[in-house]
Structures are given as structure tokens and as C-alpha cells.
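This report concerns only the one structure given below.
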Amino acid sequence: LSEKLDKALHVLKGHGSITEVNVAETLKEVRRALLDADVNFKIAKEFTNRVKEKALGQNVLTTLQPGQLMVKIVKDELTELMGGDAAGINLSGKPTVILMSGLQGSGKTTFSGKLANFLKNKKTKKPLLVACDVYRPAAVDQLHVVGEQIKVDVYSDKGNTDPVAIAKAGIAHAKENGHNVVIIDTAGRLAVDEAMMTEISNIHKAIEPQETLFVVDSMTGQDAVNTAKAFNDVLNFDGVILTKLDGDTRGGAAISIKSVVDKPIKFIGTGEKMEAIDIFYPSRMADRILGMGDVVSLVERAQEQFDEDEARKLQKKIAKNQFGFDDFLKQIQQIKKMGNMKDLVGMIPGAGKMMKDVDIDDDAFKGIEAIIHSMTPEERTNPSVINASRKKRIGKGSGTSVTQVNQLLKQFDQMSKMMKMMQGGGGKRMMQAMKN
Ligand code: GDP
Ligand code: MG
């Protein structure tokens with residue numbers, strides 16, 4: 001999904017100005033990318049329609065950086081679609097009872113352990129794991145292994161074949177032994193069927209948990225939606241746990257499930273180890289889906305710091321081939337205003353790779369600024385007049401060398417060409433150009 005969306009948004013990111021056709025085409029690409037990630041057709045269509053409305057509402061086409069604004073709208077909508085803010089977990093109740101549900105192999109037992117470990121590390125919580133999978137003796141052993149690993153007590157009753165009775169006994173055991181959280185691990189089947197639904201529903205009714213969590217393998221795509229719906233119809237669960245996100249970068253399941261059952265995704269599983277648990281943050285997931293790094297904050301910061309009028313003037317100059325060293329100096333000052341260079345570069349998608357060998361810091365500009373300051377106004381507006389003797393003078397005046405002056409002139413030349421090609425200002429391109 002990432003790659004496809006990246007491609008779709010690439011058009012917009014690269015262009016200083018976009019047309020209505022451009023917007024429509026990009027939205028089509030975004031929709032295709034969502035469909036490829038197993039997002040339900042209806043959801044994907046509704047999504048792109050909403051983005052389009054927002055884009056029109058905000059007059060995207062008339063703003064200075066329409067591409068970036070579009071990227072921001074797509075990201076915001078995606079975040080909203082996945083639930084907006086991160087959802088917490090209800091820890092009321094004495095003890096708090098948390099019931100796991102889901103198909104066999106979805107990761108219930110693993111996640112029960114992860115959650116117990118996560119809560120145990122909060123210090124005020126003393127969890128108990130309860131083994132209610134009565135069909136496979138190995139399942140009970142598995143929970144015991146997990147419990148030993150994280151040093152959390154496990155309640156089980158191997159001869160007992162009634163999961164409701166075990167769950168109740170487990171809660172009683174917790175009360176007697178000072179556990180304030182009880183996590184009930186249950187049996188699942190390979191597919192949704194009556195027997196499983198009846199069983200989980202009976203457990204649910206008998207113990208009235210504070211949190212009923214539905215655990216789902218993120219790699220199951222569209223099937224995940226149907227399963228989620230079936231479980232939600234019976235349990236009206238409180239939240240979704242999306243497991244195995246380490247194995248698959250597609251976010252399709254997250255989007256579809258949230259849309260269909262309208263329950264928050266609370267945690268994600270990112271590996272087999274007990275530590276591989278994360279709170280689900282919709283905005284981070286949107287970033288991941290869009291594969292854009294922290295592009296949105298970059299855009300916001302850039303928008304804050306860049307004087308729009310100034311940028312507009314600059315664009316005109318570039319278009320007319322009048323971009324000179326004075327403008328370059330202004331751009332450098334703008335970039336410096338935006339904050340620490342490394343932070344900024346880190347926010348540019350793909351920059352990590354690109355900039356690996358280049359050590360950029362504010363000092364990198366000092367020499368450049370000194371050289372420009374040593375130029376005459378004529379030299380700044382028309383660098384072509386800078387001959388060998390002028391270079392010597394500039395080098396001396398700026399405390400640099402002719403080589404450094406040459407280097408800057410070459411960079412400037414390349415940059416002017418590139419800027420003309422791209423027809424737009426902005427720190428990102430600026431830095432890309434300077435890298436050469
Ligand atoms: P259950 O049948 O629902 O209890 O599922 P299990 O907890 O036994 O998990 C099934 C398999 O998935 C096991 O091999 C787990 O190690 C694996 N698993 C669970 N969660 C994750 C995860 O987040 N990432 C990865 N890579 N594997 C996981
Ligand atoms: Mg299990």
C-alpha cells in the first residue's frame with residue numbers, strides 16, 4: 001500500500017501547482033491503492049469522495065502549495081477514518097476483567113501475555129492470566145509458558161471442560177490472591193461457527209468483562225472485516241487488537257474494521273516477543289500507510305515559517321529566470337528559521353537514506369553566507385559576470401577559497417536550473433538541490 005500511495009501522492013508532492021484533473025487522477029490512484037490493500041470498495045470510495053470535498057472546500061487549487069495541502073488532507077482523513085485519537089483501555093472494576101476473543105491463530109494467547117506484561121510494567125497492576133481454551137491441552141501449556149516468561153501467574157484447570165466455569169473460578173482466584181486485572185484467554189476456531197460464538201457469548205454473559213477485546217490477524221485482509229462483524233454482532237466488543245503488523249505493512253485491515261464495526265483499535269502486535277506490543281495511534285498508522293515519514297509536521301512547520309508573499313515573489317522570479325544570490329540568501333535564512341536542520345531533514349520522506357553521508361548542520365550555511373556577502377550587488381543578480389579575478393576577491397573577502405567560491409557557483413547554477421524545472425520554492429527542494 002505504501003508504495004502505491006507514495007506513487008499516487010508523488011505527483012502532488014512534486015508539483016508546485018496542480019490542476020483539477022491532477023486532483024482527480026491522484027484520488028483515483030489513492031483509491032486504487034486502498035483497494036489493493038484490501039480496503040472494502042465502498043469504504044475506499046467514500047474516503048476519496050470525502051478527501052475531494054475537503055480539497056474543494058479548502059480551495060486547494062488556489063493555495064500556494066496545493067500538493068502539500070492535499071497530502072495533509074489525505075493524511076488527516078485517513079487518521080480520522082482509523083479513529084482519530086488513540087483509545088485507552090478501561091481498567092475500572094475490582095478486579096478488571098478483560099476477555100479475549102477471536103479466531104484460532106489470530107494471536108489471542110500471545111497478546112494475553114503481552115497485555116499482562118504491559119500492565120505489570122505499570123507497577124500498580126498485578127495481572128492474572130486465565131486459560132479457557134479447553135480443546136487443546138497444548139493451549140493451556142502455551143499460556144503457562146508465556147506466564148513464566150513474563151512472571152505473571154496463570155490460572156488453569158486441566159480436567160475441566162467448561163470454559164464458563166474456569167473463567168468464573170479464575171476471577172475468584174484473582175480476588176483471593178490480590179490480582180487486580182484478570183485476562184481471560186479463550187479458544188478460537190479456524191472460521192466463524194455457531195459453537196464458537198455460543199461459547200464466547202456464554203463466557204461474556206457470565207463474567208461481564210470491563211473490556212472485551214477482539215484479536216485479529218492484520219494479514220487476513222477482507223476476511224478480517226467479516227470476522228470482526230460476526231464477533232461484534234454477538235459480543236458488542238470494546239476494542240480491536242491488530243496483530244502481526246510486523247509481517248505486513250498493509251493497513252487495510254485497520255481501515256476496514258474500524259469503518260465496519262466502529263470500534264477503536266486499541267493495541268497492535270508487532271512480533272512474537274512479549275515486548276512486541278504498541279498502543280495504536282491512528283495518526284502514526286496513517287503515516288505508515290502513506291509511507292511519508294512525518295511529512296505532515298514538515299508541511300505545517302514550513303507553512304508557519306515561510307512568508308507566503310515572499311514565496312510568491314520568488315516563484316515569479318524563478319519563472320522569469322531572475323533568481324539571484326540575494327534570493328538564495330533569503331531562502332537560506334528562511335530555512336534556518338525553520339529550525340534545526342537535522343530535525344527538518346529527518347522529516348522529509350526518504351531523506352534518511354538520501355542524506356546518509358551528508359552531514360548537514362547550520363554551520364554548513366556559514367561559508368555560503370560569507371561568500372554571498374562578499375559579492376557586489378551586480379554579482380548577486382547576475383552571477384555570470386564573476387570571472388577569475390572576481391572569484392579571487394570574493395574568496396579573500398569571505399575568508400574562503402576560490403575552490404569554495406567555484407563550488408557555490410556550481411551549486412547555484414544547478415539549483416537555478418532545477419528550480420526553474422520545478423517552478424516552485426520550498427525548503428525541501430532547496431535542500432535537495434544543495435545536496436548536489
Ligand atoms: P491464538 O490461537 O489466537 O491464541 O494465537 P497465538 O497467540 O497462539 O498465535 C498464533 C501464532 O501467531 C503464534 O505462532 C504466535 O507466535 C504468532 N503471533 C502472535 N502475535 C504475533 C505478532 O504480533 N507478530 C507475529 N509475527 N507473530 C505473532
Ligand atoms: Mg490460544
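The values are calculated or read from the model by the stated rules, or taken from the named source; none is laboratory data. Note that this is a predicted model, so its numbers are computed, not measured. So basically every Cβ, Gly included, is an ideal-geometry build from the backbone, and we count neighbours across all protein chains shown.
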| query | What tally of residues in the stretch 215-231 results from selecting those that are more than 16 Å from ligand 1 (Cβ to nearest atom) and either crowded, with 21+ Cβ neighbours inside 10 Å or farther than 19 Å from MET285 by Cα (or both)? | reply | 3
| Restricting attention to the stretch 155-170, which residues are among the hydrophobic types (A, V, I, L, M, F, W, C) and surrounded by fewer than 22 Cβ atoms within 10 Å (Cβ to Cβ)? | VAL164, ALA165, ALA169
| query | Do we find that VAL234 is away from ligand 1 (no atom under 12 Å from the Cβ) and more than 18 Å from VAL164 (Cα to Cα) in this structure? | reply | no
| remark: If we keep only residues of the stretch 112-131 that are under 18 Å from VAL216 (Cα atoms) and not aliphatic (A, V, I, L, M), then the residue nearest to ligand 2 (Cβ to nearest atom) is SER112
| request: State all residues of the stretch 96-111 that are over 12 Å from ARG189 (Cα atoms), among the hydroxyl-bearing types (Ser, Thr, Tyr) and within 9 Å of ligand 2 (Cβ to nearest atom); if no residue qualifies, say none. | output: THR109, THR110
| message | Looking at (1) without any contact (Cβ under 8 Å) to a residue 60 or more places away in the chain; (2) closer than 28 Å to ALA224 by Cβ; (3) out of contact with any helix residue (DSSP H, G or I) (no Cβ under 9 Å at 6 or more places or on another chain); (4) of a type outside the set (A, V, I, L, M), which one does LYS108 not meet, given that it meets all the others? | response | (1)
| remark: Output for Cβ contacts, cut-off 9 Å, separation at least six or different chains, first residue touching a residue at least 60 places away in the same chain (Cβ under 8 Å) in the stretch 89-101, second within 16 Å of ligand 2 (Cβ to nearest atom) and polar (S, T, N, Q), reads ILE98/SER112; LEU99/THR186; MET100/THR109; MET100/SER112; MET100/THR186; SER101/THR186
| query | In the stretch 181-211, how many are outside any helix (DSSP H, G or I) and either within 15 Å of ligand 1 (Cβ to nearest atom) or more than 34 Å from the chain's Cα centre (by Cα) (or both)? | reply | 12
| remark: Among THR212, THR186, the single one that is more than 16 Å from ligand 2 (Cβ to nearest atom), under 19 Å from LYS229 (Cβ atoms) and crowded, with 21+ Cβ neighbours inside 10 Å is THR212
| Looking at the stretch 275-330, which of its residues are part of a helix (DSSP H, G or I), of a type outside the set (S, T, N, Q) and modelled with pLDDT under 55? | VAL295, VAL296, LEU298, VAL299, GLU300, ARG301, ALA302, GLU304
| said: Can you tell me which residue is modelled with the lowest pLDDT among those in the stretch 136-162 that are of a type outside the set (S, T, N, Q) and within 10 Å of ligand 2 (Cβ to nearest atom)? | reply: ARG136
| remark: Only unsatisfied item for VAL130, checking (1) surrounded by 21 or more Cβ atoms within 10 Å (Cβ to Cβ); (2) within 25 Å of ILE255 (Cβ to Cβ), is (2)
| Taking GLY178, is it of a type outside the set (A, V, I, L, M, F, W, C), assigned by TED's automatic domain parsing to the domain that holds LYS229 and on the phi < 0 side of the Ramachandran plot? | no
| task | Please name all residue pairs, on different chains or six or more residues apart, with Cβ atoms under 6 Å, provided the first residue is in the stretch 129-143 and is touching a residue at least 60 places away in the same chain (Cβ under 8 Å) and the second residue is assigned to a helix (DSSP H, G or I) and more than 9 Å from ligand 2 (Cβ to nearest atom). | result | CYS132/PRO163; CYS132/ILE166; CYS132/ALA167
| Right, LEU99: crowded, with 24+ Cβ neighbours inside 10 Å, more than 16 Å from ligand 1 (Cβ to nearest atom), over 17 Å from the mean Cα position of the chain (by Cα) and within 20 Å of VAL164 (Cβ to Cβ) or not? | no
| If you check MET375 against the conditions, is it at pLDDT 50 or above, within 28 Å of the chain's Cα centre (by Cα) and not polar (S, T, N, Q)? | no
| Taking the stretch 256-289, which residues are at positive phi and away from ligand 1 (no atom under 16 Å from the Cβ)? | ASP262
| query | Only one of these conditions is not met by VAL145: (1) in the same structural domain as ILE255 (by TED's automatic domain parsing); (2) more than 17 Å from MET274 (Cβ to Cβ). Which number is it? | reply | (2)
